[in-house]
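The values are calculated or read from the model by the stated rules, or taken from the named source; none is laboratory data. As the structure is a prediction and not an experimental result, all values here were calculated from the model. Methodologically, a virtual Cβ is constructed for each residue, glycine included, from the backbone with ideal geometry; neighbour enumeration extends over all protein chains shown.
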């Protein structure tokens, strides 16, 4: 398969094998960038794959280790908690994402830059990398067991993120609720089939969006909370973190409403957090992958600090937890 050539990566140990994935046959069914092929493999590669073309991509993905890679840092490594979670990124590919971010680039480009960083950091702690989904676009890649269809799986390098963003183009509406239902459904099924036994690996879903949803994500997420409560899932089994891209006031109100109103009435379970990026970092800084992950892990820490038996919740300061 591989040539065996060793390389040094900032996210691996010295002399370790540089991670490389095949150009998967990501055929598309919607909102392909004008002028590009509908087949992922036809896009000029940003890097050279050294893998045997005769081996199927599905087989190669099956060979990838599923266990988290032990962090190489000391105990105070700020991202070490990522090893305990699968990271799923959901990208709003509605038409408005092609608009300017006010800093000379499009919202689409800014989100792409952040996800490239997220993929590199997450792969350091989890050999499976991240999964990527879009609100409108669907890939034709076969979904691994327990995961929703229409996504891009085990993405571990910035180059792979770039290739995906080169074939998807913002076009369409903002069906946030329906897409989250699709993505979280298989994971919730696994939780219910556990029957009180070992739960699947917890998942953090990071949603980048700039607009008001065109459906009802509140109803969908309320159902998610109910299903988690019903099987007595751990408090951090599922987390959904919304990041608003841009400064649309209507979108901000919609996201803040999701954050404020979706706590379980019976158990106090809170799976949703929403952040308007400018309110956290200041508008001149923009999105960064490391900043996004700090906020996500701050939300995880908030859930782990939850004290249901005493009927109260510890005070939570996002700025304090993520160091802003």
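Considering segment 119-233, the qualifying strands (runs of 3 or more DSSP E), each wholly inside and each with 1 or more residues that are under 24 Å from residue 99 (Cα atoms), run over 130-134, 203-209.
May I ask you to list the residues in segment 97-112 that are assigned to a helix (DSSP H, G or I) and crowded, with 19+ Cβ neighbours inside 10 Å? Once the filter is applied, which keeps residues that are assigned to a helix (DSSP H, G or I) and crowded, with 19+ Cβ neighbours inside 10 Å, segment 97-112 yields 97, 107, 108, 110, 111, 112. The number of residues in segment 267-286 being out of contact with any strand residue (DSSP E or B) (no Cβ under 7 Å at 6 or more places or on another chain) and at pLDDT 65 or above comes to 4.
Within segment 237-254, being over 17 Å from the mean Cα position of the chain (by Cα) and either assigned to a helix (DSSP H, G or I) or under 19 Å from residue 203 (Cβ atoms) (or both) holds for 249, 250, 251, 252, 253, 254. The set of residues from segment 76-94 being over 21 Å from residue 149 (Cβ atoms) and touching a residue at least 60 places away in the same chain (Cβ under 8 Å) comprises 78, 79, 81, 82, 84, 85.
Would you confirm, using the coordinates I've provided, whether residue 77 is modelled with pLDDT of 75 or more and in contact with a strand residue (DSSP E or B) (Cβ under 6 Å, 6 or more places away or on another chain)?
On the way: modelled with pLDDT of 75 or more: yes; in contact with a strand residue (DSSP E or B) (Cβ under 6 Å, 6 or more places away or on another chain): no.
So residue 77 fails the test.
Answer with yes or no whether residue 160 is buried (at least 22 other Cβ atoms within 10 Å of the Cβ) and modelled with pLDDT of 95 or more.
yes
All conditions in (1) under 15 Å from the mean Cα position of the chain (by Cα); (2) within 22 Å of residue 242 (Cβ to Cβ); (3) surrounded by fewer than 22 Cβ atoms within 10 Å (Cβ to Cβ); (4) free of Cβ contacts under 8 Å to residues at least 60 places away in the same chain hold for residue 178, with the sole exception of (1). Here the condition is being surrounded by fewer than 17 Cβ atoms within 10 Å (Cβ to Cβ) and farther than 24 Å from residue 108 by Cα; of 250, 195, it holds for 195 alone.
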